[in-house]
1. So what are the ³J(HN,Hα) numbers for the range 436-447, from phi and the Karplus equation (6.51, -1.76, 1.60; θ = phi - 60°), rounded to whole Hz, Gly and Pro as x?
2. Please work out the C-alpha center-to-center distance from the range 164-200 to the range 254-289 and express it in whole Å.
3. Classify the range 93-214: rounded, prolate or oblate, from the alpha-carbon gyration tensor (a ≥ b ≥ c, eigenvalue square roots; a/c under 1.5 rounded; otherwise prolate if a/b is larger than b/c)?
4. Measuring with a 1.4 Å probe in the full set of protein chains, what accessible area per residue, in whole Å², belongs to the chain?
5. Give me the extension gain from LYS540 to GLU418: residue separation times 0.36 nm, minus the current Cα-Cα distance, reported in nm with one decimal.
6. The range 285-325: which trypsin sites (Lys or Arg not before Pro) are DSSP loop and have at most 14 other beta-carbon atoms within 10 angstrom?
7. Taking the Cα centre of the chain as the origin, how large is its charge dipole in debye, to the nearest 20, when only Lys and Arg (+1) and Asp and Glu (-1) carry charge on their Cβ atoms?
8. Would you mind calculating the relative contact order of the chain from Cα pairs under 8 angstrom and at least 6 residues apart, reporting the percent as a whole number?
Amino acid sequence: MVIPFDNTMALAALASVIPLIIIYLLRPKPVQLSIPSLMFLMQVEKQKKRFSSIRKFLKDPLFLIQLLVLILLSTAAAAPFYTSQEELSDEHTVIVIDASASMQAGNRFDDATRLAEGYLSKKNSIILAKSSPEIVVENTDSSQASDALENIEPSDTIADISGAMSEGMRLLSQRGGTMVVLSDFASWEGEDPVSTKQLAQSYGIDTAFVDVGSAVGNVGIIDGWIGIEDGNYVYTCVVKNYNDFTERVDVEIENPAGSVKRSLNVGPSDTAQFRVNPLSSGVTSISIADEDNLPADNNAYVVIPTQSDTKTLFVSDEGKLPSKIALSTLAFVDISTAEGIPSFTDDYRIMVIGLKNRSLASNEVERLDSFLNNGGRVVVIASQMLAGGNATDQFQSMLPVIPGDVAETQNILGIDLEVVQSSSLTDDVKFNEIAMYKYLNATPRNDATVLVATEQGDPLLAHWSVGDGTLVYFGFNDELGEPWNNFHNLPEYPVLWARLTAWLGGSGDISDYNLETGDVTSLAREMTVQTPTGTITTQKVLFEQVGTYNIGGRTVAVNLYSDRESDTTRQGSEVMERVSDQNRDSPDIVRQDSYEAKNYLDNYLIILAILLAILEILIIRNRGEL
């Protein structure tokens, strides 16, 4: 019988017996003498052999013991094992409980935890099915599992039931057992739980689905989005009535500017929209006044970050430009204008260069360079004045692109544009609708980030770092006399400027402050996070609750926004019917009744080596050498 090893490389340690043999060969042979006088001692010294013979030390018990110890330890390090077929056990039960938002309706979650008590066995593991599986307890007795069931609560997320089942299959993969899934089976994300159930059963894991809860009515906020209108943020909210009768829905809106109440008449299985215009900086909460069966979708939150340091200087020799108009309509931008770069720029956070008839003078370039190196943010709009030969070498070296000559296309539809790198700045901007007639032939620099370019690769929106600051190349010239493009006529034009200004001002995109449950954010370091229900210290934030989170002084709004999760009239009958059909169509599922277990021998070898070492000590002591 050949014994396999998990770590065959460790067998190289068997070479350690070679130094042991050499040591015994080099050791002088001991001689027993009767010494009548010193004279005879001198004669014996001349006759004494210098080295031990191989035959002699092979009979030495200490050598044999040390040799065996080295062989045993080297073999143990290689992890020898033998395999055996063991029967699958039914003593381990994995209980998967749907902890999604819809389980808050009625008594669904309470019913699930109560029913779970009846499935507890000798060993138990409990997994909550959320957007990511959460193992509550693992391999515990029934008493500890029962205590755990009393302390769990549902989340405000959409559950990945199949993902939680896969985690349960992992826990049962070695020795087998039973898995029980308790859910309303109203909705889920990820794989179909019925398919995962069939897979689990094929692996020898008995899997049972338990449908909990009954259909109840509900009115909830199922969607919401933020737009920009006339330079102000506007929030659109969608409310849906899942009852079979018309519902009068009273909505309360609160923000730092005050509170407003609205009433909506929403027909059966119908939706209604309303807008909050304008949105104030800070947190705006929207609440359905009447309590119902599902609290998670009765509230929505919107965060508009406070722009405390976005004083902007617009430098231009033209009186009326679309870029200047777009910036001046933004409520969070404090804009000033100048025909040149002033000597004192410390009051400004952002500077926009929109010169059309002249280039920057040398002293202005030096001021701009100082502004950037001190952490300033600059946007340079493309124009003829950036073309080769018109701008100074020092100014061109500051740009994230190397500008060339002005290119012009004869195509009446303009040249095609493409998003090179997806970004929150460019999301939902329809660059394919921009007719680009003129642009600067340009080459991006090595360290530049290009977001948008022509189909030939000429960058149109790019940025890079200069000192402690950031410089953005905005390749969409906005001259009105002979326009280079039609971008300024599209509704996305002020949106892009609003996003760009918010990003340069340090607040990021507005979507970074308004998330949905189930989203995850990784932090640069471990931080204290204020959640809607308490405080945690973590480096990875999983947004599981509707409400506001405070992360390092930044407030983030989190909402459910799920039509399927809010539909509490849905039941698990469709899933249970498919399970019955599956069992009827596949009555003879081939299940494993045993598993191949590895039985490792390394511990036994180590124990034997220790016993031999003790025997060696006893022999040395008996010889009087200890």
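1. Rounded to whole hertz, the list is 9, 9, 10, 6, 8, 4, 9, 10, x, 7, 4, 8.
2. 40 Å
3. Working: a/c = 1.67, a/b = 1.12, b/c = 1.48.
In terms of gyration-tensor shape, oblate.
4. Values: 31190 Å² over 626 residues.
Here the per-residue accessible area is 50 Å².
5. So the chain would gain 40.5 nm between LYS540 and GLU418.
6. Here the sparse-neighbourhood loop sites are LYS320.
7. Working: 45 positive and 84 negative charges, 961 e Å.
My answer is approximately 4620 debye.
8. Result for the chain is 15 percent.
The values are calculated or read from the model by the stated rules, or taken from the named source; none is laboratory data. Everything quoted here is computed from the prediction, not taken from an experiment. Backbone-built Cβ (ideal geometry, glycine too); neighbour counts: all protein chains shown. When the accessible area is computed, the model is the full protein with side chains, heavy atoms only, and any ligands, DNA or RNA have been set aside. Shrake-Rupley method; radii C 1.70, N 1.55, O 1.52, S 1.80 Å.
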